[in-house]
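Report on the structure given below.
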Amino acid sequence: MPNHKILAIDNLSLQELDTEAELIPLMTPEDEEEMNNEKLPADLPILPLRNTVLFPGVVIPITAGRDKSIKLINDANAAGKIIGVVAQKNEEDEDPTPDQIHHIGTVARIMRVLKMPDGNTTIILQGKKRFEIDEFTQTEPYFKATIKEVNEVRPKKNDEEFTTIIESIKELAIEIIKESPNIPTEATFAIKNIESNPFLVNFVSSNMNLNVNDKQNLLAVVDLKQRALETLRFMNLELQKLELKNDIQSKVRFDLDQQQREYFLQQQMKTIQEELGGVSHDAEIEEMRNKGKAKKWDAKTKEHFEKEISKLQRTNPNSPDFGIQRNYLELFLELPWNEFSKDNFDLKHAQQILDRDHFGLEDVKKRIIEHLAVLKLRNDMKSPILCLYGPPGVGKTSIGKSIAEALGREYVRISLGGLRDEAEIRGHRKTYIGAMPGRIIQSIKKAKTSNPVFVLDEIDKLSTSHNGDPSSALLEVLDPEQNSDFHDNFLELGFDLSKVMFIATSNSLSTIQPALRDRMEIINMSGYTIEEKIEIAKNFLLPKQLKEHGLSTKDLQIGKKQLEKIVTGYTRESGVRGLDKKIAQMVRHAAKSVAMEEEYNKKVTDADIIEVLKSPRMERDKYENNDTAGVVTGLAWTSVGGDILFIESLVSKGKGSMTMTGNLGTVMKESVTIALEYIKANAKQLNIDSEILNQYNIHIHVPEGATPKDGPSAGIAMLTSMVSSFTQQKVKKNIAMTGEITLRGKVLPVGGIKEKILAAKRANIKEIILCKENKSDIEEINPDYLTGLTFHYVDTMKEVIDIAILKDKVKNAVTFDIKK
């Protein structure tokens with residue numbers, strides 16, 4: 001027998017196999033009549049097929065992989081070899097139920113059963129008659145059902161229309177075979193030699209490139225003429241597709257309408273994308289349109305969206321512009337246009353949140369509560385631009401989270417430190433590949449509301465470069481008069497930022513662009529007192545560190561005295577970041593002891609602190625030199641808070657010259673010069689012999705010479721130091737001073753008073769000399785933090801000298817040898 005190559009249609013896969021089988025003769029009218037006269041059994045085993053439909057008269061191979069199917073085939077092959085074949089409704093069902101299979105199928109005869117090398121069973125079936133399942137009589141181990149025959153309605157013998165349809169089917173079938181590279185040309189002879197018209201229709205329907213549902217619908221058509229018409233329609237479509245495919249491949253132009261051609265290509269691409277698990281471009285665009293309908297857009301925004309989505313529809317999906325345009329529209333749809341979270345105007349609740357998360361900071365809390373109160377009354381107030389200004393570690397950034405929670409708003413934060421590209425704020429233009437919106441718009445998108453609390457961290461650390469000036473770009477963002485229509489280069493449409501509550505943080509105001517600083521409300525967050533630090537450590541830092549290290553208060557307790565020792569002996573800062581690290585070090589020591597089951601003191605002692613943190617490194621400055629003339633304590637402001645500094649002066653035999661050391665800045669040097677000239681002009685009132693000024697040199701030094709120092713605040717301290725040296729009278733103990741001086745003898749006010757006062761208290765200062773105009777700064781400080789301090793408010797330098805310098809001569813005073 002010849003080797004006949006057939007296409008095996010498996011329930012699980014498609015494969016080509018070579019098997020020895022008899023050449024199946026084409027069905028003649030006599031065969032057909034004999035088949036129609038066969039009586040169907042009343043009860044049949046039912047074999048569900050996954051991805052094919054069997055037609056009467058057609059022979060196909062089926063590969064069975066399911067245990068139920070193999071059992072059915074073996075039983076049927078041993079019995080009458082007659083089974084019922086039906087198609088599944090969903091080919092992915094592994095074990096279909098009676099409801100999941102079609103009820104119209106084909107009675108089939110098992111012609112051959114073959115065992116395949118992969119363990120599956122392949123059977124060759126020939127369809128007999130259509131049937132309809134009446135009732136299932138068995139579901140295990142396989143389906144059995146009672147059936148009834150579905151009789152075919154055939155046209156009259158002289159029906160010319162039907163004859164024409166059959167001829168057209170043959171002609172189209174031959175054309176399809178010629179156009180299709182996958183069908184062997186020998187199939188043309190088979191089509192020409194088919195004598196039975198019903199078999200021809202069934203044979204063509206079975207071999208057409210249709211899905212299971214379409215084939216099942218054809219099988220269910222009882223009227224032969226109607227089924228032939230449907231088959232002819234499908235063949236026409238298939239022929240057009242083949243011609244179009246061949247036209248693309250061979251670049252031969254046929255007379256096919258360009259619009260139909262594009263439509264077919266789009267449909268083909270859509271099908272391919274869906275097969276690959278993606279979404280077609282048309283479906284994607286339609287989804288965008290539906291999302292746009294739900295947005296709260298004004299007429300201008302809606303018109304812009306429609307224009308841009310029409311542009312996407314016209315763009316070739318393979319061009320780079322398509323990706324950019326799609327990203328643009330996705331951003332457009334994800335932005336919260338006119339979507340606002342509801343503000344919580346419970347002011348008592350807001351106060352509780354702020355007090356819970358932050359100790360002190362009364363001015364900041366007061367300003368937030370004031371803003372909430374006004375917003376509650378008016379309900380349309382534009383959000384202010386707050387700038388929290390202060391040294392590191394005082395809680396500027398974290399207070400933004402508390403404000404967001406108190407308001408019930410979303411929290412967004414971006415760090416501006418080192419930002420030097422303007423596009424980071426305003427975005428890139430869409431003309432660039434990889435264009436993106438600025439970080440402002442991106443953050444609003446993430447927040448999903450148009451009124452979040454937006455923290456702009458480290459605004460003083462913005463820098464400029466050849467890529468633009470980000471600080472200037474922020475002017476539009478932080479101007480309440482402009483940000484209602486903020487323009488992002490990528491978005492190309494104004495976005496309302498007026499309801500956003502912007503909170504900037506800064507360590508220094510000097511590096512902020514003046515125009516930008518003018519748009520913000522500056523709230524000073526100075527450092528904490530020792531008492532505040534102890535409370536913060538007790539209520540916030542220690543519980544946080546215990547939780548982070550897996551411990552509880554039962555495992556470690558640090559008393560107030562021990563916390564004070566850590567604060568005063570191991571930290572010198574305005575904030576509490578360094579204190580947090582020291583407490584973490586203590587907690588880690590306890591955690592190690594717990595993990596290693598070692599003995600340790602659960603209640604920390606002073607000795608435990610020294611054992612873990614070693615000797616104190618930040619002891620308060622001593623005043624050993626108070627018995628020496630010319631030593632004065634000044635108060636200074638630094639970027640990390642207040643500090644004290646010593647000013648020393650010394651006289652030596654010479655010609656009345658003056659020298660300065662200590663890495664002093666220009667302003668500080670000028671203060672020294674002004675002080676000396678004032679002393680020369682008022683020597684008599686200061687009880688200084690003018691000859692001393694001519695015959696003795698004076699040297700001014702500010703210790704820690706490696707640290708740069710500048711500013712006018714040390715003016716009165718410089719003056720007091722030089723007067724003390726020239727008179728050899730010592731300065732009072734535990735007194736510090738700050739203020740600027742003039743040639744006329746006036747004392748001028750200076751800034752950073754709270755930080756300086758806190759530094760003085762940390763250093764155990766008892767008395768402080770200030771300008772009278774700085775009295776208002778003192779009144780703003782909590783009186784509890786000023787306990788133990790005495791303030792002297794002065795107008796002139798003479799008052800400073802009278803308060804600071806004692807009338808007693810110091811021990812081992814210099815004896816001035818004056819030549820008259």
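The values are calculated or read from the model by the stated rules, or taken from the named source; none is laboratory data. Owing to the predicted nature of the structure, the values given are computational and were not obtained by experimental measurement. Backbone-built Cβ (ideal geometry, glycine too); neighbour counts: all protein chains shown.
Of the residues LEU242, LEU229, only one is at pLDDT 85 or above and either in a helix (DSSP H, G or I) or polar (S, T, N, Q) (or both); which?
It is LEU229.
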Selection count where residues are within 30 Å of the chain's Cα centre (by Cα), within 14 Å of GLY400 (Cβ to Cβ) and not in a helix (DSSP H, G or I), scope segment 343-367: 1
Those strands (runs of 3 or more DSSP E) lying entirely in segment 698-797 with at least 2 residues within 30 Å of ASP817 (Cα to Cα): 729-731
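Those residues that are more than 30 Å from ARG356 (Cβ to Cβ) and either free of Cβ contacts under 8 Å to residues at least 24 places away in the same chain or crowded, with 21+ Cβ neighbours inside 10 Å (or both), I need them from segment 396-419; list them, please.
If we filter segment 396-419 for residues that are more than 30 Å from ARG356 (Cβ to Cβ), which is where we start, we get 418-419.
Residue satisfying the conditions is LEU419 alone.
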In segment 725-746, residue surrounded by the fewest Cβ atoms within 10 Å (Cβ to Cβ) [restricted to those that are touching a Ser or Thr at 6+ places or on another chain (Cβ under 7 Å) and hydroxyl-bearing (Ser, Thr, Tyr)]: SER725
Filter result for ASN158 (free of Cβ contacts under 8 Å to residues at least 12 places away in the same chain and farther than 22 Å from LEU229 by Cα): no
Any hit, segment 679-694, residues being in a helix (DSSP H, G or I) and basic (Lys, Arg): yes
Enumeration of residues in segment 92-109 that are more than 23 Å from GLU152 (Cβ to Cβ) and surrounded by 16 or more Cβ atoms within 10 Å (Cβ to Cβ): PRO96
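Can you list the strands (runs of 3 or more DSSP E) lying wholly within segment 46-149 that have 2 or more residues being of a type in the set (Asp, Glu)? So that I can check it myself, show each step before the final result.
Details: elements: 59-64, 82-87, 104-115, 121-138, 143-149.
In segment 46-149, the matching strands (runs of 3 or more DSSP E) lie at 121-138.
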Selection status of ILE324, assigned to a helix (DSSP H, G or I), closer than 30 Å to ASN539 by Cβ, of a type in the set (Val, Ile, Thr) and at pLDDT 80 or above: no
Matching residues in segment 446-475 - criterion: being part of a helix (DSSP H, G or I) and buried (at least 18 other Cβ atoms within 10 Å of the Cβ): ALA447, ILE459, ASP460, PRO470, SER471, ALA473, LEU474
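Matching residues to (1) at pLDDT 80 or above; (2) of a type in the set (Val, Ile, Thr); (3) out of contact with any helix residue (DSSP H, G or I) (no Cβ under 8 Å at 6 or more places or on another chain):
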| position | (1), (2), (3) |
| --- | --- |
| ARG109 | yes, no, yes |
| ASP118 | no, no, yes |
| LEU125 | yes, no, yes |
| LYS129 | yes, no, no |
| ASN151 | yes, no, yes |
| THR164 | yes, yes, yes |
Positions within segment 420-445 being crowded, with 23+ Cβ neighbours inside 10 Å, under 16 Å from the mean Cα position of the chain (by Cα) and not in a loop (DSSP other than H, G, I, E, B), in sequence order: ILE440, ILE444
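Find the residue count for segment 48-92, including only residues that are more than 24 Å from GLU135 (Cβ to Cβ) and hydroxyl-bearing (Ser, Thr, Tyr).
Keep residues of segment 48-92 that are more than 24 Å from GLU135 (Cβ to Cβ), which gives 51-52, 55, 57-65, 67, 70, 74, 77-78, 91-92.
Filter again for hydroxyl-bearing (Ser, Thr, Tyr), leaving 52, 63.
Going through segment 48-92 one residue at a time, the tally reaches 2.
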Candidates ASN51, ASN3, filtered to the one that is modelled with pLDDT under 75 and surrounded by fewer than 20 Cβ atoms within 10 Å (Cβ to Cβ): ASN3
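One line per residue, one yes/no per condition, for (1) at pLDDT 90 or above; (2) touching a helix residue (DSSP H, G or I) at 6+ places or on another chain (Cβ under 9 Å); (3) surrounded by fewer than 16 Cβ atoms within 10 Å (Cβ to Cβ); (4) assigned by the TED database to the domain that holds GLY395:
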| residue | (1), (2), (3), (4) |
| --- | --- |
| GLN545 | yes, yes, no, no |
| LYS560 | no, yes, yes, no |
| THR568 | no, yes, no, no |
| GLU573 | no, yes, no, no |
| LYS582 | yes, yes, no, no |
| VAL587 | yes, yes, no, no |
| LYS592 | yes, no, yes, no |
Candidate set from segment 771-786 (those that are polar (S, T, N, Q) and either modelled with pLDDT of 85 or more or touching a His at 6+ places or on another chain (Cβ under 9 Å) (or both)); member that is nearest to VAL364 (Cα to Cα): SER776
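Residue by residue, here is whether (1) hydroxyl-bearing (Ser, Thr, Tyr); (2) at pLDDT 85 or above; (3) within 27 Å of TRP637 (Cβ to Cβ) holds:
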position: SER341; (1), (2), (3): yes, yes, no
position: ALA350; (1), (2), (3): no, yes, no
position: VAL374; (1), (2), (3): no, no, no
position: SER383; (1), (2), (3): yes, no, no
position: ILE399; (1), (2), (3): no, yes, yes
Within segment 289-308, considering residues that are over 20 Å from THR449 (Cα atoms) and acidic (Asp, Glu), the one nearest to the chain's Cα centre (by Cα): GLU308
